[in-house]
Each structure stands twice: as structure tokens, then as C-alpha cells.
Amino acid sequence: MATSRRPGAGNSKKKGPSVGTGGHGRRRLEGKGPTPKAEDRPYHKAYKMKKAAERRNAARPKGAAERGPVRGHNRRGPGKTEDLVTGRNAVLESLRAGVPAKTLYVATRIEADDRIREILKLCAEGQVPVLEATKPELDRLTEDAVHQGVALQVPPYEYDDAEDLIGQVMATWQKDKSQRAPLIVALDGITDPRNLGAIIRSVSAFAGDAVVLPERRSTGVTATAWKTSAGAAARVPVAKATNLNRAVEKAKAAGFFVVGLDGGGDVELPQLDLATEPLVVVVGSEGKGLSRLITENCDQIVSIPIDSAMESLNASMAVGITLYEVARRRAR
């Protein structure tokens with residue numbers, strides 16, 4: 001009868017765990033720790049890109065900023081602090097108004113007209129650096145906006161305080177009432193920057209004094225608003241109110257009359273007798289219209305007569321029509 005032998009006993013050459021190893025084989029089963037990040041692995045593309053960026057930064061003069069894509073306010077990621085004004089009219093008006101520009105990007109072999117020549121002249125006088133860029137580069141910088149071959153890098157828009165601005169506008173007029181009465185447009189819930197840009201342009205065209213926005217649930221002066229305003233954002237002050245309803249109350253206390261635009265208004269625009277008085281015109285969003293508190297604080301709710309087949313007017317169109325009527329009545 002064969003005698004059973006335990007593995008590893010005697011001269012057996014059978015493979016398997018040996019008796020009395022003391023756990024030395026356990027070390028081979030230990031891991032090497034967490035997997036390094038991609039940028040820390042020498043063979044990885046991210047590592048090579050990181051090293052290339054470090055070499056660029058080392059070669060850059062002290063204090064110079066790293067170049068990269070510049071985006072608008074509403075699209076800017078963490079750490080982005082610059083904005084782009086695009087389009088020939090918008091760029092030209094910004095330079096004329098003395099906006100503190102950082103850099104002008106001009107398309108290679110751009111077809112120069114009078115605006116481009118004046119843009120370059122103003123940049124030379126203001127010592128604004130001018131960099132040439134290919135069309136694909138400009139498209140990338142402006143996120144495919146219609147730039148017409150020029151883009152101006154500027155700091156973020158600096159808003160006035162709404163209540164302070166309202167008081168300053170009224171105080172200036174009270175010193176010399178022979179001048180036209182002050183005119184301010186307040187926006188209640190406008191979230192489309194193109195609407196804001198068009199409204200700023202109308203305020204500039206019809207001698208308005210300022211635009212007031214609420215801090216929340218509202219668009220701001222983004223690159224899109226700059227573009228749509230055709231540079232008028234450089235001439236018309238835009239203020240922000242922590243509470244728009246309170247700013248409206250302050251305006252009334254300072255001597256302004258407040259009119260709200262709404263399709264169901266009790267006064268039609270041609271009968272707006274308050275047009276010649278110090279005026280705050282409030283417009284709401286197309287969907288929700290004026291908020292309840294703003295409506296309660298308005299001296300009049302004004303409607304614009306339109307064809308019954310039309311449901312409503314775009315907010316910027318309504319403001320433009322209203323400001324035209326106000327300017328017409330004041331010119332009498």
C-alpha cells in the first residue's frame with residue numbers, strides 16, 4: 001500500500017507552496033500604490049504637454065500673462081478675467097470711448113476700410129499692442145462670433161451702483177433744468193445678451209442716460225451684448241441693482257416717474273403724457289413680463305398698439321419704439 005506524502009515532503013519535485021516559508025512570498029502580492037496622474041507619467045501625452053507649458057512659462061518675461069483663448073463673461077471658466085469686443089463698429093466705439101484695452105487682434109491680410117485704419121491709429125496712440133491672427137485663430141478666440149477680422153481684449157465690464165447712478169443723474173438735471181429731462185431704462189428679467197445690447201444701442205440713439213439691471217436673473221454686459229450694441233456699451237452707463245424694486249422706489253423718491261411696458265397697459269404709448277418728465281421705463285421679459293412688485297410701483301402701465309395678429313413685441317423692439325416716442329414728444 002502506497003503511503004501518502006504531504007506536498008513538499010521528502011524529495012518530491014511537485015510544484016506548490018512550501019512549508020515554513022515564513023510569508024516571504026506575500027511581498028510579491030503587494031501593490032505598487034495608486035496609479036499616477038496622467039501628467040505625472042513620463043510616457044503620457046499629458047506629461048509632455050505639462051513640461052512644454054513649463055518651458056514656455058520659464059521663457060516668458062516676468063509679469064507677462066499666459067496667452068490663451070479669451071472668452072465672454074457668460075462663457076468664461078474659472079480664472080478667466082478678460083472679455084473680447086468683436087466687430088469693427090464695436091471695437092472702434094470702444095477705443096473712441098477710451099475703454100482700457102489690453103490687446104487688439106487683427107486678421108492677417110485684412111481688407112482695411114476707414115474703420116480699420118482708425119482702429120489701428122487709435123491703438124497706436126493708446127499704445128495698445130496689435131497682434132495678427134489667422135481667421136481660424138480669431139474664430140477660436142471669439143468662439144465663432146462674427147468678428148469682421150478684429151477683436152479687442154478688454155477687462156470685465158465695471159457696473160455702476162444703480163441707486164448712486166439714479167441719484168447722480170437726477171442731481172445733474174436739477175442743477176440745470178433747461179436740459180432735457182433724464183431718461184433711464186430698467187430691465188426686469190431680461191436674460192438674452194442680444195436684447196440687452198440692442199436696448200443699450202436704443203438708449204444711446206435716443207439720448208437716454210443709463211440702463212439698470214438686477215443682479216440676479218438677468219444677463220450682463222457680455223461679449224455678445226458688446227457686439228449687439230455696436231459699441232454703444234462704451235457710451236451708456238450700465239448699473240446693477242441688488243434689488244430692482246428698491247431701486248425703482250428710490251427713483252420715485254428722487255423725482256422720477258416710472259412707467260412699465262406691458263401689452264395690457266392702461267395707457268397707449270401715443271397718449272403718454274409723462275414722456276417729458278424725468279422718466280424710468282421698465283421692461284420685463286417676453287415670457288413673464290413685469291414682476292408683481294415692479295407693476296405695483298409703476299405710475300403708469302403703457303402698451304404699444306400693434307396688429308392683433310401679433311402676440312407681442314421683442315423686448316428690445318418695445319424699448320426702441322417707446323424711446324422714439326419719448327424723444328419725439330420731448331422735441332416739440
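The values are calculated or read from the model by the stated rules, or taken from the named source; none is laboratory data. Keep in mind the model is a prediction, meaning the values are calculated, not measured. Don't worry about glycine lacking a Cβ; one is built from the backbone with ideal geometry, like all the others, and counts go over all protein chains shown. Accessible surface areas use protein heavy atoms only, side chains included; no ligands, DNA or RNA. Shrake-Rupley method; radii C 1.70, N 1.55, O 1.52, S 1.80 Å.
Check the range 298-312 and report whether any residue there is among the hydroxyl-bearing types (S, T, Y), in contact (Cβ under 8 Å) with a residue 60 or more places away in the chain and under 25 Å from P182 (Cβ atoms).
Let us first name the residues in the range 298-312 that are among the hydroxyl-bearing types (S, T, Y), namely 303, 308, 312.
Now restrict to residues that are in contact (Cβ under 8 Å) with a residue 60 or more places away in the chain: none.
No; the residues of the range 298-312 include none that is among the hydroxyl-bearing types (S, T, Y), in contact (Cβ under 8 Å) with a residue 60 or more places away in the chain and under 25 Å from P182 (Cβ atoms).
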### Summary
By residue number, the members of the range 256-272 that are open to solvent by less than 70 Å² (accessible area, probe 1.4 Å), in a strand (DSSP E or B) and not aliphatic (A, V, I, L, M) are G260
### Query
In the range 291-307, is there at least one residue being on the phi < 0 side of the Ramachandran plot, in contact with a Gly (Cβ under 9 Å, 6 or more places away or on another chain), of a type in the set (S, T, N, Q) and in a helix (DSSP H, G or I)?
yes
### Query
So which residues in the range 109-139 are in a helix (DSSP H, G or I), in contact with a helix residue (DSSP H, G or I) (Cβ under 8 Å, 6 or more places away or on another chain) and either within 15 Å of Q153 (Cβ to Cβ) or open to solvent by 50 Å² or more (accessible area, probe 1.4 Å) (or both)?
R115, E118, I119, L122, C123
### Query
Which of the residues spanning the range 273-287 are open to solvent by 60 Å² or more (accessible area, probe 1.4 Å) and under 21 Å from R329 (Cβ atoms)?
D273, T276, E277
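Does V281 satisfy the criteria of being part of a strand (DSSP E or B), within 21 Å of N195 (Cα to Cα) and out of contact with any Asp or Glu (no Cβ under 8 Å at 6 or more places or on another chain)? Even if it seems obvious, please write down each step before you answer.
Details: part of a strand (DSSP E or B): yes; within 21 Å of N195 (Cα to Cα): yes; out of contact with any Asp or Glu (no Cβ under 8 Å at 6 or more places or on another chain): yes.
Answer is yes for this residue.
Residues to consider are A162, A171; find the one that is at pLDDT 90 or above, small (G, A, S) and over 21 Å from S229 (Cβ atoms).
Values: A162 fails: over 21 Å from S229 (Cβ atoms).
Answer to the check: A171.
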### Query
Only one residue in K252, K240 is over 19 Å from Y159 (Cβ atoms), open to solvent by 40 Å² or more (accessible area, probe 1.4 Å) and of a type in the set (K, R). Which one?
K252
### Any hit, the range 321-332, residues being in a loop (DSSP other than H, G, I, E, B), open to solvent by 50 Å² or more (accessible area, probe 1.4 Å) and within 17 Å of L183 (Cβ to Cβ)
yes
#### Entry: Residue pairs meeting the criteria (Cβ under 7 Å; at least 6 apart or on separate chains; first within 9 Å of V106 (Cα to Cα), in the range 124-143; second open to solvent by 70 Å² or more (accessible area, probe 1.4 Å) and among the hydrophobic types (A, V, I, L, M, F, W, C))
V130/L120
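Go through the range 173-250 and tell me which strands (runs of 3 or more DSSP E), entirely inside it, have 2 or more residues that are without any contact (Cβ under 8 Å) to a residue 60 or more places away in the chain. Give the derivation first.
Details: elements: 183-188, 210-214, 238-241.
Because the criterion is at least 2 residues that are without any contact (Cβ under 8 Å) to a residue 60 or more places away in the chain, the strands (runs of 3 or more DSSP E) in the range 173-250 that meet it are 210-214.
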### Task
Would you please name the residue that is nearest to L293 (Cα to Cα), looking only at residues in the range 260-273 that are over 34 Å from the mean Cα position of the chain (by Cα) and free of Cβ contacts under 8 Å to residues at least 40 places away in the same chain?
D266
